[in-house]
1. Given the Cα atoms of the range 197-325, and with Rh set as the inverse mean 1/r over their pairs in the Kirkwood sense, what is Rg to Rh to two decimals?
2. What distance in nm separates the simple spin-label points at Ile254 and Lys209, each placed 7 Å from Cα in the Cβ direction?
3. Restricting everything to alpha-carbon atoms, can you work out Rg to Rh for the range 175-226 with a Kirkwood hydrodynamic radius?
4. Please report the antiparallel percentage of DSSP beta bridges with both residues in the chain, rounded to the nearest 5.
5. Given +1 on the Cβ of Lys and Arg, -1 on the Cβ of Asp and Glu, and no further charges, what dipole in debye does the chain carry about its Cα centre, rounded to the nearest 20?
6. Dimensions of the range 1-146 along principal axes (Cα, Å, largest first)?
7. Within the chain, which DSSP H helices have Cα atoms that stretch 15 Å or more along the helix axis and a mean Kyte-Doolittle hydropathy of at least 1.0?
8. Given the range 183-259 reduced to its alpha-carbon atoms as identical point scatterers, what log10 I(q)/I(0) does the Debye formula return at q = 0.11, 0.14, 0.18, 0.22 Å⁻¹?
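Each value in this text was obtained by applying a stated rule to the coordinates, not by laboratory testing. Predicted model only: the values in this text are computed from it and were never measured. Note: ideal-geometry Cβ built from the backbone for every residue, glycine included; neighbour counts use all protein chains shown.
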Amino acid sequence: MYIKPEVQNVMHRLITAKVDEIIPIIDLNASEIRYPILDVIGLNSMDAQILESMTQVGILEKSLYDKLLVCPTHPDTLAVTLRLYCPKCKSFDVFRMNLVEHKLCGFIATKEVFENNKLVCPSCNALIKDQKDVSFPGMWYECKACKGKFDAPTIMLRCRNHSHDFTMSDAKKIDVHSYKLNKEAEKEFYDNYILVTPLRKLLEPFGFKVEAAVSVNGKSGVNHKVTLYAHTSDTKIVIDAKTAEAEVPDQFLIAMFAKVIDISPKLAFFVAMPNVSENTKTLAKNYGIVVIEGKTLQEIMNSIVENLKSKLNLQINDQCKITVE
Ligand SMILES: [Zn+2]
Ligand SMILES: [Zn+2]
Ligand SMILES: [Zn+2]
């Protein structure tokens, strides 16, 4: 699953931009449900297929974000509003009436009577200062067309774009999801794939193919699993990366040395986050492996860029300097 570059791009974006949750934007006017993160990585933000397949393999965890009621005939249009109808004559020119009681004197009238009197009680002439001075003993609806009074209007949903009504029970329900990165998947990705997206951006213009967590065939015929393998027809770059709480132990460098001898790349990087011991550095020098240390991805990428420039003579200008955070 991680092999797919678009999955790597989604993961890389989530991790480097520290996005906790992929939240949809529901645009009722445009009738669009969009995931803006997909736009950022050059995919169609309205097509959540990639997020769904990442959920199926356990990289993302989805939860219900919203439930939309939409028109059963035009489910693609999200613009739906409520309409209240008179149950007698079916007019939608209905309005709500509230009874208001002035608590101090017990006078009861409709809300309009109090409002028209500038919030002074028509009975005792006291000013009504706030809601605490009144209570609402009753509420009903009235129809302007037939003057009918009723407790409950008929509620219909209205399809705005096609100007017709449908009932609540006929409405189609659409589940809208948000997605969270699974913590284990995040760790696995960070350890194995975090450098692949920026390196691809950096090296593909120079004709390199960049692969992550790949097996590379050595001269002996043995396959070696490496963190990253960048290659053209005549140049091979092998990168192994390890992250540790403090110093990355030298056993990883020693294991890498065996692979490097067999694969014999032009350039071998041992990426250690945050750093390695002096002893490991000395070993690496003897092995012909370049140690890249860094506390952040940006530091590591900067150091890789410097080494590619000086050791492979790649003309990397500042415009294609890679920003990872
Ligand atoms: Zn409709
Ligand atoms: Zn009516
Ligand atoms: Zn009063």
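1. Rg/Rh for the range 197-325 comes to 0.94.
2. Here the answer is 3.4 nm between the modelled labels.
3. Expressed as Rg/Rh, it is 1.16.
4. 80 percent
5. I would put it at about 660 debye.
6. 79, 38, 23
7. On the way: long enough: 5-16 (16 Å, -0.16); 251-263 (18 Å, 1.67); 297-312 (21 Å, -0.02).
Membrane-span-like by this rule: 251-263.
8. Log10 I(q)/I(0), no solvent term: -0.32, -0.51, -0.82, -1.11.
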